Amino acid sequence: MTHILAGEGEQARSVPFSPYGYDERQFCSPGFDMPFGLFQNSAFGTFPEYHTSADNLDFIRPEHLARSYRIVTDAIDILEEDWIPVSLNPKGEPQLGRRGLYASVGGPSSGGHSTMPMLWVLNLADGRHSLIDMAERSGLPFSQIIEAARRLREHDLLRPG
């Protein structure tokens with residue numbers, strides 16, 4: 001979730017756990033100790049209508065619901081698509097050009113795909129780093145990392161760890 005929120009700009013942020021809040025304080029109690037978070041557009045007590053009869057559905061905007069939906073589905077996509085790759089050529093970088101994965105003459109890409117995500121995946125494909133780890137370390141979107149890993153796997157350069 002923090003990876004997704006980082007791409008949302010100033011409008012989104014992740015805050016540390018506090019035992020003063022909603023149901024997450026129950027699920028995170030010592031008897032359960034579940035990794036549980038809270039996803040919300042407005043924190044409790046940040047608007048005067050909170051928990052009063054003036055708090056109503058007029059505060060809900062379709063664009064905010066759409067944004068929340070996108071963020072949650074992006075998080076689910078990462079959870080479903082994340083895996084830990086292992087390089088099948090761990091001693092040095094494999095020849096990408098002959099596999100059609102690297103531009104043969106200058107330029108940042110080959111076939112419309114950026115080379116940088118592939119280089120990050122290859123460099124961190126040691127069986128200890130997941131794709132989300134790679135996205136976090138590189139500062140690249142998860143979608144670019146997963147696409148690079150897919151292409152590298154199709155060319156027999158990676159396997160699941």
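Read-outs: derived from the displayed coordinates by stated rules, not from any lab. Since we're looking at a predicted model, the values are computed, not measured. No Cβ is skipped: glycine too gets one built from the backbone with ideal geometry, and neighbour counts run over all protein chains shown.
Across Ala149, Ala135, Ala43, mean-square fluctuation computed from a Gaussian network of the chain (C-alpha pairs under 10 Å connected) peaks at Ala43. When the chain is treated as a GNM with alpha-carbon contacts under 10 Å, the residue of Phe142, Phe59, Phe32 showing the greatest mean-square fluctuation is Phe32.
Mind checking the dipole of the chain: about its Cα centre, +1 per Lys or Arg Cβ, -1 per Asp or Glu Cβ, Debye to the nearest 20? Working shown, then result.
Details: 14 positive and 21 negative charges, 168 e Å.
About 800 debye.
Here's the picture: charge each Lys and Arg Cβ at +1 and each Asp and Glu Cβ at -1 in the chain, and of Gly139, Met118, Ser29 the one pushed furthest to the positive end of that dipole is Met118. Against the main long axis of the alpha-carbon atoms of the chain, helix 142-154 sits at an angle near 30°.
So what is the calculated 222 nm ellipticity per residue for the chain, using -39500 (n - 2.57) for each DSSP H run with n of 4 or more, over all residues, to the nearest 500 deg cm²/dmol?
Working: 6 runs with 60 residues, N = 161.
So the helix-based figure for the chain works out to -11000 deg cm²/dmol.
Scaled against 2.2 N^0.38 Å for its residue count N, the alpha carbon radius of gyration of the chain is 1.38. Considering only Cα atoms, the convex hull volume of the stretch 85-160 works out to 84 Å³ per residue. Remark: the stretch 41-97 carries a charge dipole of roughly 140 debye about the Cα centre, counting +1 on each Lys and Arg Cβ and -1 on each Asp and Glu Cβ.
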